[in-house]
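Here's the structure we're looking at; comments come further down.
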Amino acid sequence: MPGLRGRLWIAQGATCVKPFDWRRGNERESEWRRDVSMKRWFRAPLILPDRVIPDGLLAYDAGRITDVWDLADPAAPPVPAEAEVVERGYLAPGYLDIHVHGGGGGDFMDADPEAVVAITTIHARHGTVGLLATTLTAPEEQIIRAIRTVRQAPRKGARVLGYHIEGPYINLAHKGAQNPEYVRPASIAEIDRWMAEGGPEDRWHVTLAPETDGALEAIRYLVRRGATVSAGHTDATYDQMRAAVEAGLSHATHLYNGMRGLHHREPGTVGSALALPGMTVELIADGVHVHPAAMQVAVRARGPERVLLVTDAMRATGMGDGEFTLGGLPVTVRNGEARLHSGSLAGSVLTMDRAVQNAVRLIGLDLPTAVAMATLHPARLLRLDDRKGSLAVGKDADLLVLDEDLNVKATIIGGEVVYDER
């Protein structure tokens, strides 16, 4: 892919919140030799949040990263003979996607274990190691069945880290591909019933329209319950968004899409998401949903550290062109675009590897920044950055072997190889 090679260093203005403790520390060579056989080793260019180590050494054992070294460092250990060498490509942290409806022919709303496996399998092939199972506007019992099925489904491919409830508390003026029949006011009792179906480690992320009935109360309640709340499918003005942020809302779902746009006399939802303190935003970087220049504006206005890449993938992802459904609505996929018969966009068929490639190619980001938008930034939003999101000692061994053009050659989750085409 032209334009990817050479963009190795961090872009001007990109920041890292704290220094990364990526080295193991000083140990005698004999200690290295004693435990080397228990580990799996990679020698490869390593993509860190703030730079690429051109010649790095990484090891993992028992599902955790144990060593990260720059071989240019005089203190680096000898390279074990059994180390796997990535000569033309990179080793990167696994991607995290907080907005996934489906893929491989399945949709989480199918409430079918086979559909769940199809989704997690296809996304793992494209580098996603963890995701939020995302629902649609539907009757309460369907949303609950979807959550319950995800919990009971076999664990294969990308790990489900929790749930993104997109709708039903949205504004009909920006419903997009959400079924208008089931749009309704926010209900604390309904939220309780959703969350009762989840597990203690599940992350919750809820998209709603903050200007709708009961939304501010719901935001306050969700935040108290540990959820993150996002503005989406909304016609909120700047003042309404400011009130929502004061209540605890902190994110914008698929920025620019399904929301009131920016006007110089009324900043709307878009302007609020880019200007109000503490907000993070997500971009569908498929080159269809958002113009590259608009994506550049978002990164420059918000700062790259507060931008996340997502797919908003629907069931057709990985399936090619054809006729599909989304939330019971007919969708046509043609030339990589998913649209309702009305012509409105209906999710995407994007995968996270393509999103990262497009962040480099279309937005012009350097490689560490683009990868961080798909790894460390969502990990922070999910409060999982102590375990996921970067190549650092002690974190989960969620790793990607990438070629020079950032295509996924292998996916490793918790030290387990779940996909390998090498």
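Bear in mind that the values in this text are calculations on the coordinates, not laboratory data. Computed from a prediction, not measured in an experiment: that's the story for all the values here. So basically every Cβ, Gly included, is an ideal-geometry build from the backbone, and we count neighbours across all protein chains shown.
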Seminar exercise, completed: If amide H atoms are modeled at 1.01 Å from N in the peptide plane, then the residues at a separation of 5 or more from LYS409, or on another chain, having amide H under 5 Å from its own are VAL401, LEU402, ASP403
Seminar exercise, completed: With the dipole of the chain defined by +1 on each Lys or Arg Cβ and -1 on each Asp or Glu Cβ, the option from PRO77, LEU274, VAL290 whose Cα lies farthest towards the positive pole is PRO77
Seminar exercise, completed: Dividing the mean separation of Cα pairs under 8 Å (6+ apart) by the residue count of the range 95-381 yields a relative contact order in percent of 19 percent
For this session: Report the residue, chosen from ALA76, ALA227, ALA374, that carries the largest GNM mean-square fluctuation when the chain is represented by alpha-carbon nodes joined by springs under 10 Å.
Result: ALA76
Problem set entry | Student exercise, the chain dipole from Lys, Arg, Asp, Glu Cβ charges, in Debye to nearest 20 | 480 debye
For this session: Before anything else, pin down the relative contact order of the range 35-143: Cα pairs under 8 Å, at least 6 apart, normalised by residue count, whole percent.
Result: 21 percent
Problem set entry | Derived scalar couplings ³J(HN,Hα) [the range 122-133; Karplus, 6.51 cos²θ - 1.76 cosθ + 1.60; whole Hz; x for Gly, Pro] | 5, 6, 4, 4, 10, x, 7, 9, x, 8, 9, 5
For this session: Could you pull out every residue, at least 5 positions away or on a different chain, whose amide H is within less than 5 Å of the one on ASP67? Hs are placed 1.01 Å off N in the peptide plane, and Pro or chain starts have none.
Result: ALA59
Exercise. Rounded to the nearest whole Å³, what is the per residue volume of the convex hull around the Cα atoms of the range 82-181?
Worked result: 124 Å³
Exercise. Which residue fluctuates the most in the chain, going by a Gaussian network model with Cα springs under 10 Å, if the choices are ARG220, ARG159, ARG88?
Worked result: ARG88
For this session: Compute the signed sum of charges (Lys and Arg +1, Asp and Glu -1) over the other residues within less than 12 Å, Cβ to Cβ, of VAL288.
Result: 0
Problem set entry | Choice from GLY105, GLY167, GLY320 showing the highest fluctuation, given a GNM over the chain with Cα pairs closer than 10 Å | GLY320
Exercise. Could you name the lysines in cross-link range of LYS39, using Cα to Cα under 20 Å and dropping any fewer than eight places away on the same chain?
Worked result: LYS388, LYS395
Exercise. What is the mean projected area of the alpha carbon convex hull for the range 284-422, to one decimal in square nanometres?
Worked result: 9.7 nm²
For this session: Would you mind checking the tilt of helix 140-152 against the longest principal axis of the Cα atoms of the chain, expressed as 0 to 90 degrees and rounded to 10?
Result: 20 degrees
Exercise. Amide H to amide H under 5 Å from GLY232: which residues, 5+ apart in sequence or cross-chain, H placed 1.01 Å off N in plane?
Worked result: LEU208, ALA209, THR253
Exercise. Which percent, nearest 5, of DSSP beta bridges in the chain are antiparallel?
Worked result: 55 percent
For this session: Give the angle, between 0 and 90 degrees and rounded to the nearest 10, that separates the Cα long axis of helix 292-302 from the longest principal axis of the Cα atoms of the chain.
Result: 80 degrees
Seminar exercise, completed: Expected vector for the range 398-409, Karplus 3J(HN,Hα) from phi with 6.51, -1.76, 1.60 and θ = phi - 60°, integer Hz, x for Gly and Pro, equals 9, 10, 10, 9, 10, 8, 4, 9, 6, 6, 7, 9
